[in-house]
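S.K.: I'd like to ask some things about the structure below.
The values are calculated or read from the model by the stated rules, or taken from the named source; none is laboratory data. Model, not experiment: these values are computed from the prediction. Glycine also receives a Cβ, built like all others from the backbone with ideal geometry; neighbour counts cover every protein chain displayed.
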Amino acid sequence: MIPAVALPVFGPALPEIILSLGALVLVLVGAIQGERSTRLVNWLALGLLLAALVAVLMLPSGRATTFGDAFVVDGFAKFMKVLALIGSGAAIVMSTDYMRREGIDRFEYGILIVLSTLGMMVMISANDLIALYLGLELQSLAAYVIASFHRDNLRSTEAGLKYFVLGALSSGMLLYGASLVYGFTGTVSFPGIAATLKGTPGIGIILGIVFVAAGIAFKISAAPFHMWTPDVYEGAPTPVTAFFASAPKMAAMALAVRIFVGAFPGILAQWQQIIVFISIVSMAIGSFAAIGQRNIKRLMAYSSIGNVGYALIGLAAGTAAGVQGVVVYMAIYLAMTLGAFAVILAMRRGQAMFEDIEDLSGAARTHPVMAFCLAAMLFSLAGIPPLAGFFAKFYVFAAAIEARLVALAVIGVVTSVIGAYYYIRIVKVMYFDEPRGAFEPMDVNLRWVLGITSAFVLLFWLPGIPSRVLAAAGAAARSLF
Amino acid sequence: MTVTAAFFYLFSTVTVASAFMVIASRNPVQSVLFLILAFVNAAGLFLLMGAEFLAMILVVVYVGAVAVLFLFVVMMLDVDFAELREGSLQYLPIGALIGVVFLIELILVVGTWAIDPNLIRVPAATIPPADQVTNTTALGRVLYTHYFFAFQAAGLILLVAMIGAIVLTLRERLGVKRQDISRQVARTQETAIELRKVPFREGLKDVA
């Protein structure tokens, strides 16, 4: 006799199911049609991401769990999934022309991006340690492959190998920490862990949290686990770097919020000091180490390390306002990063790509619109009002001050001023140095990405926009508490 | 009962002895064969515990796949293990020191071991009584019903690994003769056969 088994509810996981089935179909299409199908697969992958986006938006409001509580959909998950899907879609749009010119336009790129996005969505929705690890691994494994997508290029393969080895190390640390947490609480589910951990925890659980934090810090490239970032960002093909800096980083940040706020709310004081330390070190490294960089991709790597530090300020607060700050920060960071990379991808003369800051000399005279947009992105990254980046920093600092982390907020402001130096130096190079010759005209896809992100960054201050974004982020953050 | 005990001692003695031989044997092929012996005896130990599914999996996966793979690699790679091991004796003092330190730590840990009674909780999936549910069924229920989601996600991870391996290593090789069945079938008499008139008593010298 076969006992009746209750089928799990599939509704909340509909976007993930769309992506996974779609990825399988894309593999088939690619395998049957061969290399000619690259264009088709890329567009289909984009369509899949859009379909998943629609599915996420159509999900009923409120909190729903399924698959034996391993998978949760709430306001926070939906908000972050929308951001992840937008980031991945932009990564595909920005890659097509570059990949074709470099002769690496293989159809697997779109499929791997879709699978990586699926991993991000599983991470964002993870409600137990097993789902967390599986999502993280799915996302990172696809990322390792696309880092070395330009397999005949030494630097690209080096980037992939470095990313893989260090990523495997960080996964090991995360797993070790997770096993300690499981061992000392007797459950893998986040609500279960939260119910167990109250008051003063034992030394074992703290050790577990430290290891989990180290593993996650690797994934979000927060100092002191950031060493891989500049090399991988420099070596990977530029559209891949744009992808790494946007969607996966955001998903890993969502994961950090999910595990620390979802599983360890009872022992805030224990992990708060870890996050505060990581945040301060990241901000410092992000602003000091970027000063000497000549390669703009390396500079963006340090910039992303610093930005993760600022976003972690919100997490360190451990309050709903703090999480709201993180969510707003990551949304604005996504737009700024994609915009900046759209310009970096347009730095091309003939067939050769240029990556040095000096190559932008006098771009304001040869390409006034592009230079203006990049200047807006950089001023925004530096946090200068009234651009979007100012609001991003403002909300996390405000949340930190509310949570009585005044020293952390002050350090954040100081490092942000130091960081402004290297952002504004690029603006100076573009506007006041002698031109070195014009770049090729920008590809249409890049124009779209740059136009939309610039409009977002430049017009964020318009009355009504900040309050609406804030309200959506606030609703997302409150769903965690 | 005594028969079970006898088998237990048989299996465990052979397991430990063959595990020792894995590291002691000079010939790497013999090492792998001893490893297989250890696996099979461990499978016997599982059988004694009533875990028949694990026992069979151990034989199928470890002996059937992993050990054969080892054997394959050992035979493919021409590694002289005896030469590799030559200088290992000079590290013996340091190795012994570290071993002793670990031993002391282990004794300290085991000596002060105390399990907090609060930590013993109901596991996520309880073990059903063995006389009602075979352990194949029990494992299947846990793996394919309770952890259905994790199982599917793991499958997708393996898919990514496969795509990645193909993307990074598959190369179209030029200058290789391949069998093209459609071309073979499409051949007609005109393209396949050439009729030449060979003049009498002249040989083949200007035909080709």
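S.K.: Spot the failing condition for residue A:14; the list is (1) assigned to a helix (DSSP H, G or I); (2) more than 14 Å from every other protein chain (Cβ to nearest Cβ), and only one is missed.
M.R.: Among (1) assigned to a helix (DSSP H, G or I); (2) more than 14 Å from every other protein chain (Cβ to nearest Cβ), residue A:14 violates only (2).
S.K.: Among the residues of segment A:47-97 satisfying the criterion of being of a type in the set (Lys, Arg) and under 17 Å from the mean Cα position of the chain (by Cα), which is surrounded by the fewest Cβ atoms within 10 Å (Cβ to Cβ)?
M.R.: In the first step, residues of segment A:47-97 are kept if they are of a type in the set (Lys, Arg); the result is A:63, A:78, A:81.
Still in the running and under 17 Å from the mean Cα position of the chain (by Cα): A:78, A:81.
Values: A:78: 21, A:81: 26.
The extreme case among them is A:78.
S.K.: Here's something else I'd like to know. Count, please, the residues in segment A:17-46 that happen to be surrounded by fewer than 17 Cβ atoms within 10 Å (Cβ to Cβ), facing another protein chain (nearest Cβ under 10 Å) and either under 18 Å from residue A:78 (Cβ atoms) or not small (Gly, Ala, Ser) (or both).
M.R.: Number satisfying all stated conditions: 3.
S.K.: In segment B:32-56, what count of residues is obtained for those that are part of a helix (DSSP H, G or I), surrounded by fewer than 19 Cβ atoms within 10 Å (Cβ to Cβ) and touching a residue at least 40 places away in the same chain (Cβ under 8 Å)?
M.R.: Summing the residues that are part of a helix (DSSP H, G or I), surrounded by fewer than 19 Cβ atoms within 10 Å (Cβ to Cβ) and touching a residue at least 40 places away in the same chain (Cβ under 8 Å) in segment B:32-56 gives 4.
S.K.: Being part of a helix (DSSP H, G or I), among the polar types (S, T, N, Q) and facing another protein chain (nearest Cβ under 9 Å) is the filter here, so list the residues in segment A:171-194 that pass it. Please lay out each step first, then the result.
M.R.: In the first step, residues of segment A:171-194 are kept if they are part of a helix (DSSP H, G or I); the result is A:171-185, A:190-194.
Retained after the next criterion (residues that are among the polar types (S, T, N, Q)): A:171, A:179, A:185.
Of everything in segment A:171-194, just one residue is part of a helix (DSSP H, G or I), among the polar types (S, T, N, Q) and facing another protein chain (nearest Cβ under 9 Å), namely A:185.
S.K.: Which residue is farthest from residue B:172 (Cα to Cα), if the candidates are limited to segment A:137-166 and must be of a type in the set (Asp, Glu) and within 12 Å of chain B (Cβ to nearest Cβ)? Quick ask: steps written out before the conclusion?
M.R.: Step one: of segment A:137-166, the residues of a type in the set (Asp, Glu) are A:137, A:152, A:158.
From what's left, within 12 Å of chain B (Cβ to nearest Cβ): A:137, A:152.
Details: A:137: 30, A:152: 14 Å.
Taking the candidates together, the pick is A:137.
S.K.: Only residues that are among the aliphatic types (A, V, I, L, M), more than 10 Å from residue A:313 (Cβ to Cβ) and within 18 Å of the chain's Cα centre (by Cα): list them for segment A:274-292, please. Break it down stepwise before answering.
M.R.: Kept after step one, since they are among the aliphatic types (A, V, I, L, M), are these residues of segment A:274-292: A:274-276, A:278, A:280-281, A:283-285, A:289-291.
Subset that is more than 10 Å from residue A:313 (Cβ to Cβ): A:274, A:278, A:281, A:284-285, A:289-291.
Within segment A:274-292, just A:278 meets the criteria.
S.K.: Same structure, new question: Limited to segment A:162-189, what total is found for residues that are more than 24 Å from residue A:221 (Cβ to Cβ), in contact with a Gly (Cβ under 9 Å, 6 or more places away or on another chain) and among the hydrophobic types (A, V, I, L, M, F, W, C)?
M.R.: Adding up the residues that qualify gives 1.
S.K.: Given the criteria free of Cβ contacts under 8 Å to residues at least 40 places away in the same chain and either within 11 Å of chain B (Cβ to nearest Cβ) or crowded, with 24+ Cβ neighbours inside 10 Å (or both), does residue A:129 qualify?
M.R.: Values: free of Cβ contacts under 8 Å to residues at least 40 places away in the same chain: no; either within 11 Å of chain B (Cβ to nearest Cβ) or crowded, with 24+ Cβ neighbours inside 10 Å (or both): yes.
The answer is no for residue A:129.
S.K.: How about segment A:45-84: which of its residues are under 29 Å from residue A:147 (Cβ atoms) and free of Cβ contacts under 8 Å to residues at least 40 places away in the same chain?
M.R.: Result: A:47, A:50, A:51, A:53, A:82.
S.K.: Is one or more of the residues making up segment A:75-87 more than 12 Å from chain B (Cβ to nearest Cβ), under 21 Å from residue A:189 (Cβ atoms) and touching a strand residue (DSSP E or B) at 6+ places or on another chain (Cβ under 7 Å)? Spell out the reasoning first.
M.R.: Of the residues in segment A:75-87, the ones more than 12 Å from chain B (Cβ to nearest Cβ) are A:75-87.
Going one step further and asking which of them are under 21 Å from residue A:189 (Cβ atoms), we end up with A:75-78, A:80-81.
Filter once more, keeping what is touching a strand residue (DSSP E or B) at 6+ places or on another chain (Cβ under 7 Å): none.
For segment A:75-87, residues more than 12 Å from chain B (Cβ to nearest Cβ), under 21 Å from residue A:189 (Cβ atoms) and touching a strand residue (DSSP E or B) at 6+ places or on another chain (Cβ under 7 Å): absent.
S.K.: Continuing with this model, one more query. Which residue, of A:372, A:379, is within 15 Å of residue A:420 (Cα to Cα) and either free of Cβ contacts under 8 Å to residues at least 60 places away in the same chain or aromatic (Phe, Trp, Tyr) (or both)?
M.R.: Numbers: A:372 fails: within 15 Å of residue A:420 (Cα to Cα).
Just one listed residue meets the conditions, A:379.
S.K.: Also, I was wondering about something else. With within 32 Å of the chain's Cα centre (by Cα), in a helix (DSSP H, G or I), of a type in the set (Gly, Ala, Ser) and modelled with pLDDT under 80 as the only criterion, which of B:124, B:82 stands out?
M.R.: On the way: B:124 fails: in a helix (DSSP H, G or I).
Answer to the check: B:82.
S.K.: For segment A:5-28, how many residues meet the condition of being free of Cβ contacts under 8 Å to residues at least 24 places away in the same chain and touching a Phe, Trp or Tyr at 6+ places or on another chain (Cβ under 8 Å)? Spell out how you get there, then give the answer.
M.R.: From segment A:5-28, those free of Cβ contacts under 8 Å to residues at least 24 places away in the same chain are A:5-7, A:17, A:21, A:24-25, A:28; that's our starting set.
Now drop any that are not touching a Phe, Trp or Tyr at 6+ places or on another chain (Cβ under 8 Å), which leaves A:17.
Total meeting the criteria: 1.
S.K.: Here is a further query. Return the residues of segment A:114-126 that are more than 9 Å from chain B (Cβ to nearest Cβ) and in contact with a Ser or Thr (Cβ under 7 Å, 6 or more places away or on another chain); say none if nothing qualifies.
M.R.: Narrowing segment A:114-126 to residues more than 9 Å from chain B (Cβ to nearest Cβ): A:114, A:117, A:120-121, A:123-126.
A:117 - this is the single residue of segment A:114-126 that is more than 9 Å from chain B (Cβ to nearest Cβ) and in contact with a Ser or Thr (Cβ under 7 Å, 6 or more places away or on another chain).
S.K.: If you don't mind, another one. Please verify whether residue A:322 is at pLDDT below 90 and either more than 26 Å from residue A:94 (Cβ to Cβ) or surrounded by 24 or more Cβ atoms within 10 Å (Cβ to Cβ) (or both), treating the condition exactly as stated. Show your work before the answer.
M.R.: Details: at pLDDT below 90: no; either more than 26 Å from residue A:94 (Cβ to Cβ) or surrounded by 24 or more Cβ atoms within 10 Å (Cβ to Cβ) (or both): yes.
Criteria not met by residue A:322.
S.K.: Return a yes/no flag: does segment A:168-178 have any residue that is in contact with a helix residue (DSSP H, G or I) (Cβ under 8 Å, 6 or more places away or on another chain) and farther than 24 Å from residue A:70 by Cα.
M.R.: yes
S.K.: For segment A:98-110, give me the residue count where each residue is within 14 Å of chain B (Cβ to nearest Cβ) and over 19 Å from the mean Cα position of the chain (by Cα). I'd like the intermediate steps shown before the answer.
M.R.: Of all residues in segment A:98-110, those within 14 Å of chain B (Cβ to nearest Cβ) come to A:99, A:103-110.
Filter again for over 19 Å from the mean Cα position of the chain (by Cα), leaving A:99, A:103-108.
Residues in segment A:98-110 being within 14 Å of chain B (Cβ to nearest Cβ) and over 19 Å from the mean Cα position of the chain (by Cα): 7 in total.
S.K.: Out of all the residues in segment A:195-207, which are within 13 Å of another protein chain (Cβ to nearest Cβ) and either closer than 22 Å to residue A:282 by Cα or touching a residue at least 12 places away in the same chain (Cβ under 8 Å) (or both)?
M.R.: Taking segment A:195-207 as the starting set, the residues that turn out to be within 13 Å of another protein chain (Cβ to nearest Cβ) are A:195-199, A:201-205.
A:197, A:198, A:199, A:201, A:202, A:204, A:205, listed by residue number.
S.K.: Go over the candidates A:313, A:278, A:285 one by one and state the one that is closer than 21 Å to residue A:400 by Cα, assigned to a helix (DSSP H, G or I), among the aliphatic types (A, V, I, L, M) and touching a His at 6+ places or on another chain (Cβ under 8 Å). Spell out the reasoning first.
M.R.: Numbers: A:313 fails: touching a His at 6+ places or on another chain (Cβ under 8 Å); A:278 fails: touching a His at 6+ places or on another chain (Cβ under 8 Å).
The unique qualifying residue is A:285.
S.K.: Could you pull out the residue among A:168, A:178, A:147 that is small (Gly, Ala, Ser) and crowded, with 24+ Cβ neighbours inside 10 Å?
M.R.: Working: A:168 fails: crowded, with 24+ Cβ neighbours inside 10 Å; A:178 fails: crowded, with 24+ Cβ neighbours inside 10 Å.
Every option except A:147 fails the conditions.
S.K.: Same structure, new question: Is there any pair with a first residue in segment B:130-158 that is closer than 20 Å to residue B:56 by Cα and a second that is among the charged types (D, E, K, R) whose Cβ atoms are under 9 Å apart and which are 6 or more apart or on different chains, and what are they?
M.R.: Close Cβ pairs satisfying both conditions: B:133/B:141; B:134/B:52; B:135/B:52; B:136/B:52.
S.K.: Additional query: Go through segment B:132-203 and tell me which helices (runs of 4 or more DSSP H), entirely inside it, have 1 or more residues that are more than 30 Å from residue A:147 (Cα to Cα) and within 9 Å of chain A (Cβ to nearest Cβ). So that I can check it myself, show each step before the final result.
M.R.: On the way: elements: B:135-141, B:148-169, B:181-186, B:189-192.
Ranges flagged: B:135-141, B:148-169.
S.K.: Would you tally the residues in segment B:4-28 being assigned to a helix (DSSP H, G or I) and in contact with a Ser or Thr (Cβ under 8 Å, 6 or more places away or on another chain)?
M.R.: To start, the set of residues in segment B:4-28 that are assigned to a helix (DSSP H, G or I) comprises B:4-24, B:28.
Filter again for in contact with a Ser or Thr (Cβ under 8 Å, 6 or more places away or on another chain), leaving B:21-23.
Residues meeting the conditions: 3.
S.K.: Okay, next question. So, in segment A:336-365, how many residues would count as being more than 19 Å from residue A:290 (Cα to Cα) and assigned to a loop (DSSP other than H, G, I, E, B)?
M.R.: Total meeting the criteria: 5.
S.K.: To continue, here is another question. With the requirement that a residue be without any contact (Cβ under 8 Å) to a residue 12 or more places away in the chain and either touching a Phe, Trp or Tyr at 6+ places or on another chain (Cβ under 7 Å) or among the β-branched types (Val, Ile, Thr) (or both), what does segment A:397-425 give you?
M.R.: Within segment A:397-425, the first condition is being without any contact (Cβ under 8 Å) to a residue 12 or more places away in the chain, and the residues that meet it are A:401, A:404, A:406-407, A:410, A:414, A:417.
The answer is A:401, A:406, A:410, A:414, A:417.
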